[in-house]
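The values are calculated or read from the model by the stated rules, or taken from the named source; none is laboratory data. Bear in mind the structure is a predicted one, so any value in this text is a computation, not a measurement. Cβ placement follows ideal geometry from the backbone for every residue including glycine, while neighbour counts extend to all protein chains displayed. Ligands, DNA and RNA are excluded from the accessible area calculation, which covers all protein heavy atoms including side chains. Shrake-Rupley method; radii C 1.70, N 1.55, O 1.52, S 1.80 Å.
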Amino acid sequence: MIYLDNNATTRLDPQVLESMMPFLTDNFANAASTHPFGLSASDAVKTARQQLADLIEAQPHEIVFTSGATEAINLAIKGVAEQYSSKGKHIITVQTEHSAVLDVCQYLETKGFEITYLPVQSDGLISVDQLRSALRKDTILVSIMAVNNEIGVIQPLKMISEITHQAGALFMTDATQAVGKLPLNVDELGIDLMPMSAHKFHGPKGVGALFVRQRRPNRVKLEALLHGGGHEGGKRSGTLNVAGIVGMGKAAELAQRYLKTDAERIGKLRDTLEKQLLQIPQTRLNGSQTHRLYNVTNILFEGCDSDALIMGLENMAVSNGSACTSASIEPSHVLMALGMTETEAFSCIRFSLGRFNTEAEIPQVVETVKKVVGELRAMSGR
Ligand SMILES: Cc1ncc(COP(=O)(O)O)c(C=O)c1O
């Protein structure tokens, strides 16, 4: 199999697995226990917290470990909504956010919050002027993703955070697709809250984290979602997933080490793949070509149903939307927000590359896609 679905999830790096193994076998203690085994697990969690904090230039006590980005997003948005509701009940987000953000916002609408869903331009970028005019006195949170999971578009985070802070609101960015791939400095970018997920950067599934700013300019307060033993500074109770957290820390360390070389190598592979796929007649690139992460390309193949294309690409893993909503038969809300018709949105394929893709795979992918696109078009008489 040629795996080109790295935005859905990534292969566990063998070095990450190695780091986790002791905590799945001999050292299985609870990190909250005070005996030597517990202390050793707690030390390992401390190291992981530091490794993750280093990757995003945060302080270790600003990291709250969770079960993944979805939980971190829920904690951040619902936690802020509840904590700051006396100040206001208005939240701003964007139409192309991941369903984890959109669904939480829709839930909050049923609880009396008002949400503004900013549109995007045809390249997937928001208009900062529209953000400026959407901000109000009662806006408590602006939630705009760092990198879009379907088209890879990178939003101008620094500008967004400045505008948000001038209006007195908090800034959250869902950085699930950005962490470990882009250099992210939470101070430089003015980020107050940042959800992340380990399995998107070669860590294990079922573990994630939320960065919660505890220093100037905003000491963010959160109402917890999970109450219990008071773990993670009372923000997320529940026995820590030590092996998962250790894996996330190791994945963060590796991501930091490989950040530049991965970006260069994967970027070259993506560019070659994209260039050759776009030579197939009646194809088009979706989203901004310039403000975009290096690992992904989303291409429209006119006259081809994306499900049929995926089925035809037998030895390949690609995607036609977010894996998290792929059970739905709706067209991608991201592609629709770019202004596409339903038929166009149903004709797009996302190719997302990662650390384990090789140069040799690219010509095989191009050949197979060319062949299957040709077959599908011939069948529909195009
Ligand atoms: C941008 C973005 N946010 C959030 C999530 C949810 O992550 P998880 O399934 O790890 O909770 C994903 C996963 O696809 C994502 O791409």
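Structural remarks
- Residue count for segment 100-124 satisfying the condition of being within 24 Å of the chain's Cα centre (by Cα) and of a type in the set (D, E, K, R): 3.
- Residue identified as of a type in the set (Lys, Arg) and either part of a loop (DSSP other than H, G, I, E, B) or crowded, with 19+ Cβ neighbours inside 10 Å (or both) among Arg284, Arg355, Arg377: Arg355
- Test: residue in segment 65-79 that is farther than 26 Å from Ala337 by Cα and among the hydrophobic types (A, V, I, L, M, F, W, C): yes
- Filter result (out of contact with any strand residue (DSSP E or B) (no Cβ under 9 Å at 6 or more places or on another chain) and at pLDDT 95 or above) within segment 204-218: Pro204, Gly206, Gln214
- Residues of segment 85-112 satisfying the condition of being among the aliphatic types (A, V, I, L, M) and away from the ligand (no atom under 13 Å from the Cβ): Ile91, Ile92, Leu108
- Taken across segment 333-340, residues that are in contact with a Lys or Arg (Cβ under 8 Å, 6 or more places away or on another chain) and under 20 Å from Ala175 (Cα atoms) do not occur at all.
- Subset of segment 38-79 (residues that are under 13 Å from Ile245 (Cβ atoms), out of contact with any Phe, Trp or Tyr (no Cβ under 9 Å at 6 or more places or on another chain) and open to solvent by 20 Å² or more (accessible area, probe 1.4 Å)): Ser42, Asp43, Lys46, Thr47, Gln50, Gln51, Pro60, Ser67
- Residues in segment 125-180 that are within 22 Å of the chain's Cα centre (by Cα) and farther than 28 Å from Gly208 by Cα were compared, and the one that is surrounded by the fewest Cβ atoms within 10 Å (Cβ to Cβ) is Ser127.
- Look at segment 67-89: where a residue is of a type outside the set (A, V, I, L, M, F, W, C) and a partner is crowded, with 20+ Cβ neighbours inside 10 Å and part of a helix (DSSP H, G or I), sitting 6+ places away or on another chain with Cβ atoms under 6 Å, you get Thr70/Ala100; Asn74/Val104.
- Hey, Leu131 away from the ligand (no atom under 11 Å from the Cβ), in a loop (DSSP other than H, G, I, E, B) and hydrophobic (A, V, I, L, M, F, W, C) or not: no
Listed here are the residues, each with its yes/no results for (1) buried (at least 16 other Cβ atoms within 10 Å of the Cβ); (2) over 19 Å from the mean Cα position of the chain (by Cα).
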site	(1), (2)
Gly244	yes, no
Glu253	yes, no
Ala263	yes, no
Asp271	no, yes
Leu313	yes, yes
Asn320	yes, no
Thr341	no, yes
Glu359	no, yes
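- If you go through segment 225-242 and pick out every residue that is open to solvent by 40 Å² or more (accessible area, probe 1.4 Å) and β-branched (Val, Ile, Thr), you end up with 1.
- Of all residues in segment 205-224 being among the aliphatic types (A, V, I, L, M) and more than 21 Å from the chain's Cα centre (by Cα), the one that is surrounded by the fewest Cβ atoms within 10 Å (Cβ to Cβ): Ala224
- When the residues of segment 9-27 are filtered to those that are acidic (Asp, Glu) and open to solvent by 80 Å² or more (accessible area, probe 1.4 Å), the one that is nearest to the chain's Cα centre (by Cα) is Glu18.
- Qualifying residue in segment 30-37 (condition: away from the ligand (no atom under 16 Å from the Cβ), without any contact (Cβ under 8 Å) to a residue 12 or more places away in the chain, assigned to a helix (DSSP H, G or I) and open to solvent by 30 Å² or more (accessible area, probe 1.4 Å)): yes
- With respect to the conditions (1) more than 23 Å from the chain's Cα centre (by Cα); (2) open to solvent by 20 Å² or more (accessible area, probe 1.4 Å), Val365 lacks only one, and its number is (2).
- Test: residue in segment 182-201 that is among the aromatic types (Phe, Trp, Tyr), open to solvent by less than 10 Å² (accessible area, probe 1.4 Å), within 20 Å of Thr10 (Cα to Cα) and in the same structural domain as Ala32 (by TED's automatic domain parsing): yes
- Options Ala337, Ala308, Ala317; residue that is in contact (Cβ under 8 Å) with a residue 12 or more places away in the chain and under 21 Å from Met145 (Cβ atoms): Ala337
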